[in-house]
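Computed from the coordinates by the stated procedures, all read-outs in this text should not be read as laboratory data. The model shown is predicted, which means the values in this text are computed figures rather than measured ones. With ideal geometry, Cβ positions are generated from the backbone for all residues, glycine too; neighbour counts draw on all protein chains shown.
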Amino acid sequence: MTTNPTSTAPTYSASRAPRQHSPHRRRHWFAVWLIACFSIAALGLGTGSASAGSQHNGTNPATTGCNQNASLVATRGIQTESGQVVSYVDVYYSHSCSTNWIRVRNNPAGGAAVKSIWTANYSALNEVDYGSGSSYSMQVYAPGATCVYFQVHLKHPNGQHYAETYTAGANAQVIC
């Protein structure tokens, strides 16, 4: 490149002319750019883009995407009548959806895991899952410092009581 002293625009010698890309090469890079833009946009549209609101009350945290940025906020033991802790219940909070739900880690008795979760503003969401594996409740809308109440009962396969979350003098566990 050389500069003409009377002009502000650069001039090019024949041996140093700007490189011209073929139309095919420009279309190729445009297609690559377009695919990258759509890919980046699609990341924001997946299940992880859930937003807070009461529409999530009574819904599944996994299918709504509310579980994508959830935190474990509390863990409580599930006890037999003699006080032996046989399993645990975990309480989760979704920062993007302002919801809570509970997870029973397992049911050693192999029967029903009866779960209830509620707030002062929303009635109890009751759910029963069978077997010895872990199970989740549906989520309850609980924005900010809303207190969440829950109770878990584990049963034997024949329906007989096995264990439950327990606090002396209380009908439920409370997390505020």
Count charges around V91 for me, please; just the other residues with Cβ under 14 Å from its Cβ, Lys/Arg as +1, Asp/Glu as -1.
+3
Quick one: net charge around G110, please, counting Lys, Arg +1 and Asp, Glu -1 for every other residue with C-beta under 12 Å from its C-beta.
0
Quickly work out the Q79-to-N126 label distance, labels modelled 7 Å from Cα along the C-beta direction, and quote it in nm with one decimal.
2.5
Separation between the S71 and R105 pseudo-spin-labels, each 7 Å from Cα along Cα→Cβ, expressed in nm?
2.1
Summing +1 for each Lys or Arg and -1 for each Asp or Glu, what net charge is found among the other residues whose Cβ lies under 13 Å from the Cβ of T80?
-1
Between Q160 and D90, what is the label-to-label distance in nm when each label sits 7 Å out along the Cα-to-Cβ direction?
3.1
Normalise the Cα radius of gyration of the range 54-164 by 2.2 N^0.38 Å (N = residues in it) and let me know the number.
1.04
Net length gained if the chain between S54 and A168 were fully extended (0.36 nm per residue, minus Cα distance)
37.8 nm
Scaled radius of gyration (Cα, divided by 2.2 N^0.38 Å) that the range 99-176 gives:
1.10
